[in-house]
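Okay, so here's the structure we're looking at.
The values are calculated or read from the model by the stated rules, or taken from the named source; none is laboratory data. Fair warning: this is a prediction, and the values are worked out from it, not measured in the lab. Neighbour counts run over all protein chains shown; Cβ positions are idealised from the backbone, glycine included.
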Amino acid sequence: MVLMYRDRWIECTSDEIRIRGYYFPWGTKRIPYQSIRGYRRVDLGPARGRGRIWGTANPRYWASLDPGRPGKREALVLDVGHFVRPVITPDDPDAVESAIRAHAYLERTGNGQAPIM
């Protein structure tokens, strides 16, 4: 397993994305690339996720723990084939997007504003 990207909360290996702090209190969610059906890169705003450090107000999306999210401008929303879609805010969204494209063989499904979280 080769490590392609790592920051405090997100890790991309050759097999999966690991999201630390996804589950309470500190559980890691592992998402194999083959389970990713699509992803969107979205702009965060004051009412659209930037102030949300963890969790959600919208049951369709779940923001992983990231105390640095208020200072970030972009997020990735992952479609993993379930009702709830993980929302991640890596320090380097370009690197994570490259890992997804390389291993899941996907193109971005859209851009836009983040959902209200």
Legend entry - Filter result (surrounded by 14 or more Cβ atoms within 10 Å (Cβ to Cβ) and in contact with a His (Cβ under 9 Å, 6 or more places away or on another chain)) within the range 18-34: Tyr33
Inset, instruction - Give the range 21-37 a look and list any residue that's modelled with pLDDT of 95 or more and among the basic types (Lys, Arg), or say none. - result: Lys29, Arg30
Inset, instruction - Among residues belonging to the range 69-86 that are in contact (Cβ under 8 Å) with a residue 40 or more places away in the chain and in a loop (DSSP other than H, G, I, E, B), point out the one that is surrounded by the most Cβ atoms within 10 Å (Cβ to Cβ). - result: Val80
Inset, instruction - Within the range 9-46, track down each residue that is among the aromatic types (Phe, Trp, Tyr) and touching a helix residue (DSSP H, G or I) at 6+ places or on another chain (Cβ under 9 Å). - result: Tyr33, Tyr39
Inset, instruction - Select from the range 65-99 the residues that are of a type in the set (Ser, Thr, Tyr) and farther than 12 Å from Asp7 by Cβ and list them in ascending order. - result: Ser98
